[in-house]
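Structure first, commentary second.
Values quoted throughout were computed directly from the atomic coordinates according to the rules given, and no laboratory measurement underlies them. Fair warning: this is a prediction, and the values are worked out from it, not measured in the lab. Glycine also receives a Cβ, built like all others from the backbone with ideal geometry; neighbour counts cover every protein chain displayed.
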Amino acid sequence: MSTPTPPDEDAPLLSVRDLRVEFGTRAGVVTAVDGVSFDVRPGETLAILGESGSGKSVTSQAIMGILPKPAGRVVGGRIVYRGADLLTRPPAEVRKLRGTEMSMVFQDPLSSLNPVFRVGYQIGEMFRRHRGYSRSEAREAAIELMERVGIPAARQRVDDFPHQFSGGMRQRIMIAIALALDPTLLIADEPTTALDVTVQAQVMKLLTRLQREEGMAMILITHDLGVVASSADRVLMMYAGRVVETGDIREVYEYASHPYTKGLMASIPELDGRSDRLTPIKGSPPDLLDLPPGCSFHPRCPYARDVCVQDDPDLLHVESRPGTHRAACHFREEVLTDDRERV
Amino acid sequence: MSDVVSDLTRPTAPATPPPRKTGGKRPGSGRIRFSATVVSIYVFAALFGPWLVRYDAVATSTPDRLLPPGSRLSDGSLAIFGTDDVGRDLLAQILQGARISIAVGVATLLLAGIIGVTIGVSAGYFGGWLDGVLMRLADIQLTFPSILLAIFIAALLGPSVVNVVIVLAISNWVTFARVARAQVLSTKGRDFVDATRTLGARTWHLIRRCILPACIAPILVVATVEIGSVILAEASLSFLGLGTPTSTPSWGVTISNGRNYLSDAWWISTIPGIALAVLVVSFGILGDALRDRFDPKLKNL
Amino acid sequence: MGAYVARRLFFSIFVLWGAVSVIFLVLRLVPGDPALILLGPDANPSQIAALRERMGLDEPMLVQYAIYMRDVVQLDFGTSFRFGTDAMQHVLDHVPNSAQLALTSVGLALVIGFPLGIIAALKANSVVDRIISVFSLATQSLPNFWVGIVFILVFARGLQILPSYGQGTWQHLVLPSITLALPFLAILVRLTRSGLLEVIHEGYVQTARAKGLRERVVIFPHALRNALIPVVTVIGLQFGALLGGAVIVETVFAWPGVGRVLIESISHRDYGVVQAAILLIAAIFVFTNLVVDLLYGYLDPRVRLAG
């Protein structure tokens, strides 16, 4: 990109400001992401947590510029990567960033890999299309990468097709593709959700190891609290397309200040217990086509009062806590200090 | 998984055609209304047309030969579509042809339906080797170009309306058999069938009371999808001289007949062709629309 | 791959055997003496007696079948009573003409149909897409013998820019090949469009975009290669319709191919030639489908490697 990397170490690599994404559906237009802001600094891991439909996947697709067209479109905000707003750059320029600067690993490795191409071709394509490698050079590079992500007998398997691999191995191939060109930012969208429980931990361990080795930043999208606890630095809680709470991982886990976060924490017995999936809180997830007025969580919230029905709370600092802990709740201090597990 | 976002990102969004702007609420109701109207006009014309405009197969009228559309005939009547090489009114021929086309189409589908449903229900109900043999047979027949088989059989049997029906039924039973079989297999597993069986119902009773009723809707849809191509096949065979005999004024015969007078009388071949094309297109649209509405999965059969 | 090829080959032979047996059966189910039917109305009693002897018509059915199969394997379909030459040879002599027509048509359909289908899919629901869809729906349902006649009327009689029938110059090929190509082209357009629309939202297309590939690369190798898999299967099946269509188009344009030989032999009751022509067309069809099946296996590794 034209703007050189700022020398400032603490300057954010990626800065999302007030992002709004709409989707056209048969039933009407929904705002899947509504005013989301966050930063990702070089080398750190930001976890985005939320139920299905909270807008976490759409956020990542918007950052990558791969929203399904023509249904989804960004209607507001900025996505600033290394000082340049991706939304105002020519598409061809943004395309060149994909795969080289920022990469993505998807949830289901079987449908994400092209069934009719050999895995070596799919990995090698990164080197051929972006770096101008020859076929044989790309193939060698693919084998090397496959070895790095822990695929046994890589040289024998480079010409196999995706369906000949197990789920865990397929996800390793996806990771190899994503990491081929040493990106600075990796977006992992539920990278272990579709895998067998036994290989989930292995794949997660691989991801964090490679992240450390490469020094790249990662946005980890998940609804698995265990995964977040073990590998993220900071966390962003999303609900109905909005950020409801954000802060350092320990801080948010231990001093949850939004009733939604608090409810989730209460639903697992111990923080470092084995990866329990989020048990949904009572009530049903919100209908994006028909969001309640005010705070969209209020119909499910034990703290809800009249003001919650009228006023949508902003994402504000939790005053009694140090640092960057913020929550979007009128009663964040009360929620924080309340010991009762009412949710 | 009831993931709203992944639902959103899936093709439900406008990337796939949104329901056409038809004014109707359900998908394809505009298409259905339009094509059903056209088909009804044809059926009406086929039923009553020949009474209104008399057609005499053997009548010839030398002064009225090859008159262009809109001409006055020697007996004072108007020939809207002109006359043919022996002075017969083309409109009367086309109306008669509609009768033949629709009759052959319906008769063929009835026969093919009976053969197909019988085979399909037996295969599905009894299963085992019978199912294997019958369905392999269906596979082979389906991979084989049906018009070839029709030409061969028609060539040996000689041209006649009954033979056309037999020939086309033989080349069209497979789809019915497949639909019936699929329906039997899905019905057989349902609880009420099991319950009836436990109560000691006999096979025939089960088929008649539980299985056949479930087959009717998909069979009707398939029949609508197929009738256009059956009518087209009849016209093709007749055009080749292998369908209805030359004395019968079917569309294929009339078009074939007109080929000899292309330089002098373009209308003899052209106008019946338009009549045929409009009917086939309408049946095509109707069949597609009905299938989309009632049973999209039939598309794969 | 080897097992897959072997399986398809076996199935093809099986289908061909089925076709041969059907011809045998039909000849014997139809009322009348098969020998009399085959020799035609002008045959004399000694010829009929000789053929009856040769076909083993006094023997049991199974023996007749064995004799028949032996003849088929040796490509011996007797002699054409019209020309007095070998029936199969007479048909084979006309294969090049038919091949010229059929290949031109298939070529035309592919060259025009694929791009139109891709454009329609990429511009789904636009005006262009609507026009292409209406065009393909109309051409698919038009009777091709009628289209051929209209072409003759317009281009040969009316505008007088192309010959109406016969064979010789490339101009002779234009009208018949377009007529034959139209329905095939229409199906190709519709299939390519729906095939591409079906895969355009698949995960691997999203992956291809996330990999930073150019849109052209995303569509062409990644999406299209998958979209073609169902298209190829249907092309194979539609090839039968194309062969049937060739019979009609050759008749309309008096094109001296196998189809015309078939129809002429039928009207002259030259059944030896009819049999040979039907079997040859069937064999071509089966062979083409074998090729298509192998292509299908090439395109979709999941099929090829499924043991």
Legend entry - Per-residue mean of C-beta atoms belonging to partner chains within 10 Å, peptide C:267-275: 2
Inset, instruction - Would you mind getting me the FRET efficiency between residue B:217 and residue C:47? Use the beta-carbon distance for r and R0 = 60 Å, nearest 0.05. - result: 0.60
Legend entry - Part-to-part distance (alpha-carbon centres) for the range C:254-301 and the range B:169-189, which is given in Å: 28 Å
Legend entry - Net charge of neighbours whose Cβ lies under 12 Å from the Cβ of residue A:181, counting Lys and Arg as +1 and Asp and Glu as -1: +2
Inset, instruction - State to the nearest 20 debye the size of the charge dipole of chain C about its Cα centre, where the only charges are +1 on K and R beta carbons and -1 on D and E beta carbons. - result: 1360 debye
Legend entry - Electrostatic dipole magnitude of the protein assembly as shown [Cβ: Lys, Arg +1; Asp, Glu -1; Cα centre; debye, to 20]: 1060 debye
Inset, instruction - May I ask what percent, to the nearest 5, of DSSP beta bridges between residues of the range A:14-232 are antiparallel? - result: 55 percent
Legend entry - Rounded to whole Hz, the Karplus (6.51, -1.76, 1.60) HN-Hα couplings of the range C:124-139, x for glycine and proline: 3, 6, 7, 4, 4, 4, 4, 4, 4, 5, 5, 4, 6, 5, 5, 5
Inset, instruction - Mind running the shape call on the protein assembly as shown? Use the C-alpha gyration tensor, a ≥ b ≥ c as the square roots of the eigenvalues: rounded below 1.5 for a/c, prolate if a/b tops b/c, oblate otherwise. - result: prolate
Inset, instruction - Among DSSP beta bridges lying fully in the protein assembly as shown, give the percent that are antiparallel, nearest 5. - result: 65 percent
Inset, instruction - Going by C-beta contacts inside 10 Å, put B:188, A:282 in order with the fewest on the left. - result: A:282, B:188
Legend entry - R0 of 56 Å, Cβ-Cβ distance residue B:47-residue C:103: FRET efficiency to nearest 0.05: 0.75
Inset, instruction - Shielding by partners for C:210-223, please: the mean number of other protein chain Cβ atoms within 10 Å of each residue's Cβ. - result: 6
Legend entry - the range A:204-256-the range B:109-165 distance, computed between alpha-carbon centres (Å): 63 Å
Legend entry - Semi-axes of the equivalent ellipsoid for the range A:14-232, Cα gyration tensor, largest first, Å: 28, 20, 17
Legend entry - residue B:142 versus residue B:62: modelled label distance in nm, points set 7 Å from Cα along the beta carbon direction: 5.8 nm
Legend entry - Within-12-Å neighbourhood charge of residue A:292 [Cβ basis; K, R +1; D, E -1]: -2
Legend entry - FRET efficiency estimate (nearest 0.05) - Cβ-Cβ, residue A:11 to residue A:131, R0 22 angstrom: 0.20
Inset, instruction - For the range C:22-38, take each phi angle, set θ = phi - 60°, evaluate the Karplus expression 6.51 cos²θ - 1.76 cosθ + 1.60, and give the result in whole Hz per residue in order, putting x for glycine and proline. - result: 4, 4, 4, 5, 4, 4, 8, 7, 5, x, x, 7, x, 5, 5, 4, 5
Inset, instruction - Enumerate the amide H contacts of residue A:105 below 5 Å, restricted to partners 5 or more residues apart or on another chain; note that Pro and chain-start residues carry no placed amide H. - result: A:187, A:188, A:189
Legend entry - Label-to-label distance, nm, for residues given as residue B:118 and residue B:278 (7 Å Cα→Cβ offset): 3.9 nm
Inset, instruction - Please work out how much length the chain gains when fully extended from residue C:69 to residue C:30, using 0.36 nm per residue of separation minus the C-alpha to C-alpha distance, in nm with one decimal. - result: 12.1 nm
Inset, instruction - Pop out the ³J(HN,Hα) list for the range A:50-58 in order, Karplus 6.51 cos²θ - 1.76 cosθ + 1.60 with θ = phi - 60°, rounded to Hz; leave Gly and Pro as x. - result: x, 6, 4, x, 7, x, 6, 5, 5
Inset, instruction - Sort B:133-141, C:218-226 for me by packing, meaning the mean count of neighbouring Cβ atoms within 10 Å per residue, highest on top. - result: C:218-226, B:133-141
Legend entry - Dipole of the protein assembly as shown [Lys/Arg +1, Asp/Glu -1 at C-beta], most positive-end residue of A:11, C:197, B:148: B:148
Inset, instruction - Pick out which of A:24, A:241, A:263 has the largest mean-square fluctuation in a Gaussian network model of chain A, springs linking Cα atoms closer than 10 Å. - result: A:24
Inset, instruction - Mind giving me the nanometre distance, one decimal, between the label points for residue B:133 and residue C:302, set 7 Å out from Cα along Cα→Cβ? - result: 3.5 nm
Legend entry - Shielding by partners, peptide A:114-127 (average Cβ within 10 angstrom, other chains): 4
Inset, instruction - First check a/c for the range A:237-337, with a ≥ b ≥ c the square roots of the eigenvalues of its C-alpha gyration tensor; if it is under 1.5, answer rounded, and if not, answer prolate when a/b is larger than b/c or oblate otherwise. - result: oblate
Inset, instruction - List the residues whose amide H sits under 5 Å from the amide H of residue A:50, counting only those 5 or more places along or on another chain, with H placed 1.01 Å from N in the peptide plane. - result: A:222, A:238
Inset, instruction - Once you have a ≥ b ≥ c as the square roots of the Cα gyration tensor eigenvalues for chain C, tell me rounded if a/c is under 1.5, and otherwise prolate or oblate according to whether a/b is larger than b/c. - result: oblate
Inset, instruction - Net charge near residue B:131: determine it from the other residues with C-beta under 14 Å of the C-beta of residue B:131, scoring Lys and Arg +1 and Asp and Glu -1. - result: +3
Inset, instruction - Please give the residues of the range B:101-115, grouped as numeric ranges, whose backbone N is less than 11 Å from a label point set 7 Å along the Cα-to-Cβ vector of residue B:36. - result: none
Inset, instruction - Report the one residue of C:113, C:141, C:172 whose Cα lies farthest in the direction of the positive end of the charge dipole of the range C:95-256 (charges on C-beta: Lys and Arg +1, Asp and Glu -1; origin at the Cα centre). - result: C:113
